[in-house]
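These notes concern the structure reproduced below.
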Amino acid sequence: MPAHRIILTLIAILALNLFSQRSIAISTTALNFTEFTNNQSHSSKDNWRISQMRFYASLSLKDYEKLRGKKLNFVEKQLFKISQHRMKNMLKAYEGDGPTTIQKISWLLKGLLLGPIALILGYIFLKDEERELIKWIWFGFIGFVAIVIAILVTM
């Protein structure tokens, strides 16, 4: 790889890192997070963190710009959306929302029986909330490939 490409790649990585650090929410206004907590099984510190995460995940772009006190550029908007998506995924761990064991087994069997067709169907029809099931389709697909290879070897 030529030296100028390596240098450009390093500059791009550095620039993205700096932009991502600038997109962190900084606000001096007092915010009321108590309306976002509803789980008593966590400690008060965890409840506070969960409420902050829910607030940030439900924040609109215009509200975030008001909190920051300036208009965001294109890269900062994209980084805000990415961080919101990550925050929603982190909240799923606390809330326990996710696919059930029966759904996981059913998609595993679909991957095992249908192979690549199940993968295509999973990527087309599964929503963002159900993307964990794609992993189980891949496990089934690996089993499908193993079965096909075993059949081809025995012939």
Next item on the list: Considering only the stretch 96-155, state which residues are within 28 Å of residue 86 (Cα to Cα) and either in contact with an Asp or Glu (Cβ under 6 Å, 6 or more places away or on another chain) or small (Gly, Ala, Ser) (or both).
Entry: 96, 98, 99, 106, 111, 118, 122, 140
Next item on the list: Output the number of the condition that residue 139 fails; it satisfies all remaining conditions of (1) touching a residue at least 24 places away in the same chain (Cβ under 8 Å); (2) buried (at least 16 other Cβ atoms within 10 Å of the Cβ).
Entry: (2)
Notebook entry, point to check: Is it the case that some residue within the stretch 88-101 is surrounded by 16 or more Cβ atoms within 10 Å (Cβ to Cβ) and modelled with pLDDT of 85 or more?
Noted result: no
Margin query: Against the condition of a type in the set (Lys, Arg), surrounded by fewer than 16 Cβ atoms within 10 Å (Cβ to Cβ) and over 20 Å from the mean Cα position of the chain (by Cα), how does residue 66 come out, does it pass?
Written below: yes
Next item on the list: Examine the stretch 95-116 for a residue that is closer than 30 Å to residue 15 by Cβ and of a type in the set (Asp, Glu), and state whether such a residue exists.
Entry: no
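The values are calculated or read from the model by the stated rules, or taken from the named source; none is laboratory data. Source: prediction; values computed, not measured. As a convention, Cβ positions derive from the backbone with ideal geometry for all residues, glycine included, and neighbour counts pool all protein chains shown.
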